[in-house]
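A short write-up of the structure that comes next.
The values are calculated or read from the model by the stated rules, or taken from the named source; none is laboratory data. Everything numeric here is computed off the predicted structure, so don't read it as measured data. Using ideal geometry, Cβ is built from the backbone for each residue, glycine included, and neighbour counts are taken over all protein chains shown. SASA here: full protein model, heavy atoms, side chains in, ligands and nucleic acids out. Shrake-Rupley method; radii C 1.70, N 1.55, O 1.52, S 1.80 Å.
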Amino acid sequence: MPELPEVETVCLALSKILNNSRVNNVEIFRRDLRWNLKENLETSLKEKILKKPYRRGKYILIPTSKEHLLLIHLGMSGTIKIISGKYNLSKHDHVKINIETKENKYFSIVYNDPRRFGYVDFFHKDKIKNHFLLKNLGVEPLENDFTIHYLQKKIYNKSKCVKNFLMDQSIIAGIGNIYANEILHRANINPLRTVDKL
């Protein structure tokens, strides 16, 4: 599953083409992903100006000039392809967003997801705090809010094993199975040890 570093890498790649790019059209080839895509997604996105993307947990968020957000969740097996020129659809391509950059170059952003555990959504930025995928996310591990005091408060009186604690998205956003294992290996901590014993 793509975790924080992979999602951040996708954001950086998208940043090279998206800032002030216009959506020419959107093609949806399959709507029944983990949750059904909105019926008006194509028309809502068309002609919008996309701004620099950023990451929240494992989610890609792309603001528009009209105060909306395009959310992309890669799920278990999702990938983003950035295509210039003609493109023949591949198996498991579900969404294709065709854009024109401010330099008048044309690209397609293709969302491919064999297992279909991902999602694409478009909503007004005022709804970000209550969005069902974002509202319960914990702190970002690379931001200033992630402190020893924050961890002590979250650990207090808990008997959860440390690996599950690290992977709990409501505590720390973005860490999944692979990086939880890496963190605990580097720290020489048994993944089954409970946080109250740290």
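For the reader, a short list of remarks on this structure follows.
- Given (1) touching a residue at least 40 places away in the same chain (Cβ under 8 Å); (2) over 27 Å from Ala173 (Cα atoms); (3) open to solvent by 50 Å² or more (accessible area, probe 1.4 Å), number of the condition Phe107 does not satisfy: (3)
- Scanning the range 86-96 for residues that are touching a Phe, Trp or Tyr at 6+ places or on another chain (Cβ under 8 Å) and either free of Cβ contacts under 8 Å to residues at least 60 places away in the same chain or aliphatic (A, V, I, L, M) (or both) returns Leu89, Val95.
- Figure legend. Inter-residue proximity from the range 1-23: first residues closer than 16 Å to Ala173 by Cα, second residues assigned to a strand (DSSP E or B) and acidic (Asp, Glu), beta-carbon distance below 6 Å, spacing 6+ or different chains. No pairs are indicated.
- The lone exception for Ser15 - which of (1) crowded, with 21+ Cβ neighbours inside 10 Å; (2) at pLDDT 95 or above; (3) not acidic (Asp, Glu) it fails: (1)
- Test: residue in the range 76-89 that is farther than 20 Å from Leu4 by Cβ and either of a type in the set (Asp, Glu) or open to solvent by less than 20 Å² (accessible area, probe 1.4 Å) (or both): no
Okay, residues lined up against (1) β-branched (Val, Ile, Thr); (2) in a loop (DSSP other than H, G, I, E, B); (3) buried (at least 17 other Cβ atoms within 10 Å of the Cβ); (4) free of Cβ contacts under 8 Å to residues at least 24 places away in the same chain:
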{"position": "Leu134", "(1), (2), (3), (4)": "no, yes, yes, no"}
{"position": "Phe146", "(1), (2), (3), (4)": "no, yes, no, no"}
{"position": "His149", "(1), (2), (3), (4)": "no, no, no, yes"}
{"position": "Lys153", "(1), (2), (3), (4)": "no, no, no, yes"}
{"position": "Lys163", "(1), (2), (3), (4)": "no, no, yes, no"}
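- The range 102-119, residues that are farther than 13 Å from Ile80 by Cα and polar (S, T, N, Q): Asn104
- Residue in the range 36-55 that is open to solvent by 30 Å² or more (accessible area, probe 1.4 Å), touching a Phe, Trp or Tyr at 6+ places or on another chain (Cβ under 9 Å), aliphatic (A, V, I, L, M) and in a loop (DSSP other than H, G, I, E, B) present: no
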